[in-house]
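The values are calculated or read from the model by the stated rules, or taken from the named source; none is laboratory data. If you're wondering where the values come from, they're calculated on a predicted model, not measured in any experiment. A quick note on method: Cβ atoms are made from the backbone with ideal geometry, for glycine too, and the neighbour counts reach across all protein chains shown. Note: areas computed on protein heavy atoms with side chains; ligands, DNA, RNA excluded. Shrake-Rupley method; radii C 1.70, N 1.55, O 1.52, S 1.80 Å.
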Amino acid sequence: MRISIIGCGYLGAVYAASMASIGHDVLGLDVDQDKIDGLNQGRAPFHEPGFDKVLAQSLESGRLRFSTEYADAADYEAHVICVGTPQQVDAAGADLTYVHAAVDSLIPHLSDSDVVLGRSTVPVGTASSLVERLRAAGSQAVLAWNPEFLREGFAVKDTLHPDRLVYGLPEDPAEAARAREVLDAMYAPMLEAETPLVVGNYATAELVKGAANSFLATKISFINAVAEVCEATGADVSVIAEAIGLDDRIGPKFLRAGIGFGGGCLPKDIRAFMARAGELGVTEALGFLREVDHVNNRRRDHVVNMARKALDGSFTGKRIAVLGAAFKPDSDDTRQSPALYIASKLSGRGADVVVTDPAANQRVHAERPNLAIAEDAYAAATGADIVLLLTEWQQFKDLDPVKLREVVTTPHMIDGRNVLDPAQWREAGWTYQSMGRP
Ligand code: NAD
């Protein structure tokens with residue numbers, strides 16, 4: 001298949017390189033000239049394990065190139081929208097400016113046999129409105145929705161070996177058949193590998209994504225809410241999570257209490273889902289997501305309070321080492337990162353904050369120049385009055401408490417991700433605190 005991929009961020013760039021790697025002829029389009037120049041030279045614009053390799057191989061194969069010229073898309077038959085859908089600046093809903101701009105730029109280069117596929121996460125109703133946009137501009141191209149479920153840190157694997165494919169097809173049988181033909185050809189290796197395929201209409205496909213992310217966010221906030229109760233009672237949330245996770249109706253995943261979720265998806269997706277429900281007159285149906293969001297935000301502030309108490313009520317003149325800035329390990333994505341929120345809050349309250357992250361240091365330096373950056377955990381912790389582990393990178397999980405103790409001023413660790421062994425750290429002389437564990 002000849003596929004143009006519009007928007008080459010975390011989703012689109014990985015998707016472009018991965019689709020080329022399975023034999024398609026791919027054009028990656030973006031409005032960011034620096035990003036496109038870098039990608040054409042094999043430079044990944046972000047940290048994602050395995051991406052550099054698949055990018056290099058796909059460029060070398062001659063099946064992948066990147067451009068800022070929409071006119072180049074005219075040679076391609078499938079066009080996949082992967083642009084961002086961030087939260088609106090002054091409201092909870094999704095900002096569809098980039099989706100509309102991408103479709104408007106694409107329209108003059110579409111032929112009527114082309115298929116446009118939506119892969120960005122959008123509010124329900126977007127696909128139908130995009131069809132109207134296409135038709136109003138005189139295009140008869142077919143539109144289908146095909147939501148993406150990749151996890152940063154596993155993006156290449158999730159793209160090449162997804163746990164399911166979802167097609168949202170048009171009502172018209174001929175259009176649905178054309179969309180299906182293109183989608184099946186694009187995902188032929190995945191379908192041959194018996195990846196489950198779920199087919200519905202536009203609204204169903206759009207809602208699958210909203211429902212999936214809302215469920216994940218709810219599971220995280222659920223265990224974090226239980227952690228709050230544990231903190232009031234002396235119970236241990238990690239033991240509770242283990243016990244309830246053994247029930248296979250519940251399952252053990254996404255039940256690690258901590259400082260909550262962040263990133264470019266879950267926070268904005270649950271807010272957009274709620275906002276859309278409001279527009280549709282079913283506000284109450286998703287009212288619980290407001291609480292999910294509140295629990296999530298409370299855990300960040302809880303860590304700031306824990307640090308303040310540990311430092312005898314004042315941050316002034318105190319040095320705080322923050323281990324982690326990305327919203328999750330194996331990524332440099334700091335969007336809505338709980339770690340970065342906490343670091344900024346502490347700095348704003350007068351602490352001398354030193355952040356270190358194995359992949360996001362450069363991004364932090366660019367986005368938050370007021371935060372000091374250190375090369376590694378030992379450099380960050382040197383002279384620290386308290387150490388906060390806020391992103392569960394393997395490097396931090398493997399820290400040697402005896403060695404780290406030698407460089408700090410006060411051996412006090414707040415483990416915001418419940419990943420360290422309390423006994424080992426206490427034995428090494430640390431005051432160790434974590435989330436919802438005594
Ligand atoms: P991103 O911000 O990393 O990338 C968006 C890209 O779109 C940027 O490179 C930007 O320059 C480009 N862009 C903006 N306007 C454009 C235009 N008019 N034409 C061409 N390019 C344009 O965002 P992302 O994380 O890749 O997310 C993209 C979408 O995918 C969002 O809807 C997101 O919710 C969804 N999604 C993301 C993930 C993830 O893990 N990042 C997973 C599943 C779904």
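Okay, residues lined up against (1) open to solvent by 60 Å² or more (accessible area, probe 1.4 Å); (2) charged (D, E, K, R):
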site	(1), (2)
296	no, no
312	yes, yes
332	no, yes
338	no, no
343	no, no
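Taken as a whole, the condition of being open to solvent by less than 60 Å² (accessible area, probe 1.4 Å) and under 22 Å from the mean Cα position of the chain (by Cα) does not apply to residue 236. Looking at segment 111-123, which of its residues are over 21 Å from residue 31 (Cβ atoms) and crowded, with 21+ Cβ neighbours inside 10 Å? Answer for segment 111-123, where residues must be over 21 Å from residue 31 (Cβ atoms) and crowded, with 21+ Cβ neighbours inside 10 Å: 115, 123. Here residue 53 passes the criteria (1) more than 21 Å from residue 109 (Cα to Cα); (2) surrounded by 15 or more Cβ atoms within 10 Å (Cβ to Cβ) except the one numbered (2).
Under the condition of being touching a Leu at 6+ places or on another chain (Cβ under 9 Å), among the β-branched types (Val, Ile, Thr) and open to solvent by 40 Å² or more (accessible area, probe 1.4 Å), the residues counted in segment 184-209 number 2.
Among the residues of segment 128-152, those identified as part of a loop (DSSP other than H, G, I, E, B), open to solvent by less than 10 Å² (accessible area, probe 1.4 Å) and within 14 Å of the ligand (Cβ to nearest atom) are 146, 147. All conditions in (1) open to solvent by 10 Å² or more (accessible area, probe 1.4 Å); (2) closer than 21 Å to residue 183 by Cβ; (3) not in a loop (DSSP other than H, G, I, E, B) hold for residue 23, with the sole exception of (3). Within segment 99-110, does at least one residue satisfy the condition of being more than 9 Å from the ligand (Cβ to nearest atom) and open to solvent by 40 Å² or more (accessible area, probe 1.4 Å)? Within segment 99-110, one or more residues are more than 9 Å from the ligand (Cβ to nearest atom) and open to solvent by 40 Å² or more (accessible area, probe 1.4 Å). Given the structure, is residue 324 over 24 Å from the mean Cα position of the chain (by Cα) and either open to solvent by less than 30 Å² (accessible area, probe 1.4 Å) or touching a residue at least 24 places away in the same chain (Cβ under 8 Å) (or both)? Taking the combined requirement at face value, the residue does not satisfy it.
The condition of being outside the structural domain of residue 270 (by TED's automatic domain parsing), more than 11 Å from the ligand (Cβ to nearest atom) and buried (at least 16 other Cβ atoms within 10 Å of the Cβ) holds for only one of 168, 84, that being 168. When restricted to residues that are of a type in the set (Asp, Glu) and either modelled with pLDDT under 95 or not in a loop (DSSP other than H, G, I, E, B) (or both), segment 194-209 contains 1.
Here residue 437 clears all of (1) surrounded by 18 or more Cβ atoms within 10 Å (Cβ to Cβ); (2) outside any loop (DSSP other than H, G, I, E, B) except the condition numbered (2). When restricted to residues that are open to solvent by 10 Å² or more (accessible area, probe 1.4 Å) and among the aliphatic types (A, V, I, L, M), segment 26-47 contains 2.
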